[in-house]
Amino acid sequence: MAEKTTVLNLPEDELVHPGNRACAGCGLSIIYRIGLKALGRDTILVVPPSCLTVLQGLYPIAATQLPCLNVTFASTAAAATGILAALRAQKNTSTTVAAWAGDGGTSDIGLQALSGACERGENFIFICYDNEAYMNTGVQRSGTTPQGVLTTTTPISGKKQKKKDVPAIIAAHGIPYVATASAAYPIDFYDKIKKAKTISGPKYIHVHTPCPSGWGFNPRYTIKIGRMAVESGLYDLYENENGHFELSGPSQRLLKKDRRPVSEYLETQARFRGLSEARIASIQQEVDAKWETYRAQPS
Amino acid sequence: MHVIESGNVAAANGVKLARAHVVAAYPITPQTPLTEKLSEFVDAGEMDAEYIPVESEHSALSVCIAASSAGSRPFTATSANGLLYMSEQLHWAAGARLPIVMCVVNRGIGAPWTVWNDQQDAFSQRDAGWVQLFACDHQQIIDTVIQAYAIAETVSIPVMVCYDGYILSHTYMPFEIPDSDTVDGFLPAFSPEYALNPAKPCNLNTVTLPDIRPDVRGDTAPGYMEIRHNLHTDMREALNVIKTVDEKFYSIFGRGGHCFIEPYNCEDAEYIAVCIGSLSYQLRDVVDALRQDRIKIGVCGLRVYRPFPDEAIRETFKSAKGIIVLEKALSYGYEGALYADIKAALYDCDNRPFIHNYILGLGGREIKTQQLLDALRQSCTIDIPVPQWIGLKM
Ligand SMILES: Cc1ncc(C[n+]2csc(CCOP(=O)(O)OP(=O)(O)O)c2C)c(N)n1
Ligand code: SF4
Ligand SMILES: [Mg+2]
């Protein structure tokens, strides 16, 4: 068996330069650094407009050492397709093509192109970093903003609709690998990218990335809050490999131990301050019911 | 090889001869048979390319943009609403300076739905930063597709090859398919200066500031405005490139020689009718008839709309008494866009000819030769307000 990944044996090669334009405590900047280590230098990136566009720097200065194609908001997966086609025409089948898009660029405006590319079976890794709103444009609601969250387009009564389950939508395309991850568990994310690199066809990884500026918490708590989302059972880490579903380490362990109350997680962030006691109770009920179904599954 | 085939098949053969490696397209009438033909070429192994069956035109052009950024020669084609659905990507392709070639099989735009021909689709994208070439017959379609790659790859600007839906796309005409070795001699393989490559990483289309900015070495990099100025300058330079490419094509294939304006009976003409596309060939019969009545008239078909061949226009039209611009498109609330452009180009002439404007054929409205005859005769006789409409029933 391969050596277990730890912080001590991660590649030392830094592909993201220090001093980039992300906010202090940005969950995205953590997973970007770790993710590029997993992807390695023989990779071409595709990035639509998002916080990542800004993180990468302003022309002519770049914050990353990998070739990157910045593309329009709706076109990420189609652009990845085009790069792959060009590489095949040049008889290059070794370079990894990895798209990094926000939740808006994935679940809303980019969903059509992503669905098309998954259906066609394009051989890419698509990473959606989910900070649960359009952050780059100033915290507007997205399809993955959870119910009740205050954003600048749901400013008073919070978002009315539920969070869209994008990994489930992508999994419904029957692609070989769908996984979820969290910026609070970077090694788990690293291993998932490493695994994705060994699989041919579309690979989709959805990463929960706490965002101090958009969620309203102190930047020092990014990891803590990311962990609370998982430990409360609100946000689950799993892999779905060829239809075989399996909870990953931190979520797997929750099958046998008590989960933290969701209220603990919700209290940490200003964006949830519009939630009533009753609403919090019903979120807890929904989470409990979800975990009942996990427990009922034969493992 | 001489064949009798449709305009769409002519275009498909041009793409095949140009050795496009990545074809991404989405069906829309009247472009569809072109897309079908290309997928057939690929499926039959007659073309060393991949056909990517994308889920939309936006994605079709996105695939081409990325494939071109990664150093391959792409192709796409569309019509009407498909072209408009690409609009964001049209500007992106030009701004990113990618030598993509696309056929636009001209069709009217909805609402209301129409599948028939006019040129509002291509005209509405005039300012997207693409070179816009127009073909008047099947031979020009195949020849222009091949030339388009040579032009695009010399100036690093995408090129649209436009031709009239149905009138050219679906009719059958004889044309020559040039020999593929000869085309290879004319059009070398694509080798871009920059391409996405892990061995030489670069970050393309990054956010760019309003002002110039030094890079890490201290060298000055352009701001957004310099980048736009370069596009404009190179677009003007494209006029010279179009000419050089046409001359080279002529020397090898013996066809061409009129890359900006294709004149007919214009040497001694007092009046010149001007239009874009297949209509200019229909007008030749009309001109012949008027000549029998001793009206000294000729017709010019414009082959390039952007970059605008203003010098060629002044040169050809400067000694005419009157210019009659007929167009299948309209800038609502003003006049025909081509008319406005030609009028502006003639402003500096010492003897400014009068200039009339006719709007016709929108949404496929039939253009009868008798109507053209009446309109041109009227323009050669009396002064009229513009624009006039031909065939309007109200
Ligand atoms: C076609 C188009 N519409 C809107 C925008 C404006 N826009 C840029 S980034 C963005 C939000 C991005 O949200 P997300 O994908 O979640 O990434 P984040 O900013 O949160 O990192 C929007 C709406 C755009 N660039 N292009
Ligand atoms: S707004 Fe949020 S996601 Fe964007 S850079 Fe700042 S912390 Fe990161
Ligand atoms: Mg977001």
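Take the residues in region A:142-160 that are farther than 23 Å from A:Ala78 by Cα and β-branched (Val, Ile, Thr), then tell me which one is farthest from ligand 2 (Cβ to nearest atom). First the steps, then the outcome.
Kept after step one, since they are farther than 23 Å from A:Ala78 by Cα, are these residues of region A:142-160: A:145-160.
In the following step, the residues that additionally are β-branched (Val, Ile, Thr) were identified as A:145, A:149, A:151-154, A:156.
Numbers: A:Thr145: 13, A:Val149: 14, A:Thr151: 12, A:Thr152: 12, A:Thr153: 16, A:Thr154: 17, A:Ile156: 22 Å.
Per the stated criteria, the residue is A:Ile156.
Within region B:85-108, does at least one residue satisfy the condition of being assigned to a loop (DSSP other than H, G, I, E, B), free of Cβ contacts under 8 Å to residues at least 60 places away in the same chain, within 14 Å of chain A (Cβ to nearest Cβ) and touching a strand residue (DSSP E or B) at 6+ places or on another chain (Cβ under 6 Å)?
Taking region B:85-108 and keeping what is assigned to a loop (DSSP other than H, G, I, E, B), we get B:86, B:96-100, B:107-108.
Checking the rest, the ones that are also free of Cβ contacts under 8 Å to residues at least 60 places away in the same chain come to B:86, B:100.
Filter once more, so that each one left must be within 14 Å of chain A (Cβ to nearest Cβ): B:86, B:100.
If we keep only those that are touching a strand residue (DSSP E or B) at 6+ places or on another chain (Cβ under 6 Å) too, we end up with B:100.
Yes, region B:85-108 contains a residue that is assigned to a loop (DSSP other than H, G, I, E, B), free of Cβ contacts under 8 Å to residues at least 60 places away in the same chain, within 14 Å of chain A (Cβ to nearest Cβ) and touching a strand residue (DSSP E or B) at 6+ places or on another chain (Cβ under 6 Å).
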A:Pro210: passes all of (1) part of a loop (DSSP other than H, G, I, E, B); (2) away from ligand 1 (no atom under 16 Å from the Cβ); (3) crowded, with 21+ Cβ neighbours inside 10 Å but (2)
Picked from region A:20-56 (must be without any contact (Cβ under 8 Å) to a residue 40 or more places away in the chain and in a loop (DSSP other than H, G, I, E, B)), the residue nearest to A:Asn123 (Cα to Cα) is A:Arg41
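To keep it simple, each residue is scored yes or no on (1) buried (at least 17 other Cβ atoms within 10 Å of the Cβ); (2) at pLDDT 95 or above.
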| site | (1), (2) |
| --- | --- |
| B:Tyr305 | yes, yes |
| B:Ser319 | no, no |
| B:Gly322 | yes, yes |
| B:Tyr332 | no, yes |
| B:Leu338 | yes, yes |
| B:Asp341 | yes, yes |
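Looking at region B:208-224, which of its residues are among the β-branched types (Val, Ile, Thr) and either modelled with pLDDT under 95 or in a loop (DSSP other than H, G, I, E, B) (or both)?
Scanning region B:208-224 gives B:Thr208, B:Ile212, B:Val216.
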Is it true that A:Ala184 is touching a His at 6+ places or on another chain (Cβ under 9 Å), of a type in the set (A, V, I, L, M) and part of a loop (DSSP other than H, G, I, E, B)? yes
In region A:232-253, what count of residues is obtained for those that are crowded, with 21+ Cβ neighbours inside 10 Å and not in a loop (DSSP other than H, G, I, E, B)? 1
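I'd like to check something: does region A:96-108 contain any residue that is over 20 Å from B:Val23 (Cβ atoms), modelled with pLDDT of 95 or more and at the interface with another protein chain (Cβ under 8 Å from one of its Cβ atoms)?
Of the residues in region A:96-108, the ones over 20 Å from B:Val23 (Cβ atoms) are A:96, A:98-108.
From what is left, the residues that are modelled with pLDDT of 95 or more are A:96, A:98-108.
Restricting the remaining residues to those that are at the interface with another protein chain (Cβ under 8 Å from one of its Cβ atoms) gives none.
Checking region A:96-108: not a single residue is over 20 Å from B:Val23 (Cβ atoms), modelled with pLDDT of 95 or more and at the interface with another protein chain (Cβ under 8 Å from one of its Cβ atoms).
Looking only at strands (runs of 3 or more DSSP E) that lie completely in region B:225-333, which have at least 1 residues being touching a residue at least 40 places away in the same chain (Cβ under 8 Å) and over 23 Å from the mean Cα position of the chain (by Cα)? Outline the logic, then answer.
Details: elements: B:261-264, B:271-276, B:297-302, B:304-306, B:322-327.
Result: B:271-276, B:297-302, B:322-327.
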If you go through region A:127-142 one residue at a time, do you hit one that is small (Gly, Ala, Ser) and away from ligand 3 (no atom under 16 Å from the Cβ)? no
Of all residues in region A:113-148, which are in contact with a His (Cβ under 8 Å, 6 or more places away or on another chain) and assigned to a helix (DSSP H, G or I)? A:Ala113, A:Ser115, A:Cys118, A:Glu119
Residue identified as away from ligand 2 (no atom under 16 Å from the Cβ) and at the interface with chain B (Cβ under 7 Å from one of its Cβ atoms) among A:Leu66, A:Leu39, A:Leu111: A:Leu66
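Residue by residue, here is whether (1) among the basic types (Lys, Arg); (2) more than 15 Å from ligand 2 (Cβ to nearest atom); (3) within 14 Å of another protein chain (Cβ to nearest Cβ) holds:
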position	(1), (2), (3)
A:Ala179	no, yes, no
A:Thr198	no, yes, no
A:Pro212	no, no, no
A:Ile225	no, no, no
A:Gly233	no, yes, no
A:Tyr238	no, yes, no
A:Pro250	no, yes, no
A:Arg259	yes, yes, no
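Output yes when any residue across region A:127-141 is within 16 Å of ligand 2 (Cβ to nearest atom) and within 14 Å of chain B (Cβ to nearest Cβ), and no when none is.
Quick first cut of region A:127-141, residues within 16 Å of ligand 2 (Cβ to nearest atom) only: A:127-141.
Then drop every residue that is not within 14 Å of chain B (Cβ to nearest Cβ), which leaves A:136-137.
Yes: region A:127-141 contains one or more residues that are within 16 Å of ligand 2 (Cβ to nearest atom) and within 14 Å of chain B (Cβ to nearest Cβ).
Could you pull out the residue among B:Val54, B:Val23, B:Val15, B:Val42 that is assigned to a helix (DSSP H, G or I) and within 13 Å of chain A (Cβ to nearest Cβ)?
Values: B:Val54 fails: assigned to a helix (DSSP H, G or I); B:Val23 fails: assigned to a helix (DSSP H, G or I); B:Val15 fails: within 13 Å of chain A (Cβ to nearest Cβ).
When all the criteria are applied, what remains is B:Val42.
Let's see how each residue does on (1) among the aromatic types (Phe, Trp, Tyr); (2) over 24 Å from A:Ile109 (Cα atoms); (3) touching a Cys at 6+ places or on another chain (Cβ under 8 Å):
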| residue | (1), (2), (3) |
| --- | --- |
| A:Ala171 | no, no, no |
| A:Tyr177 | yes, no, no |
| A:Pro186 | no, yes, no |
| A:Phe189 | yes, yes, no |
| A:Ala196 | no, yes, no |
| A:Pro202 | no, no, yes |
| A:His206 | no, no, yes |
| A:Tyr221 | yes, yes, no |
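The values are calculated or read from the model by the stated rules, or taken from the named source; none is laboratory data. Predicted model, so just to flag it, every value in this text is computed and none were measured. Glycine also receives a Cβ, built like all others from the backbone with ideal geometry; neighbour counts cover every protein chain displayed.
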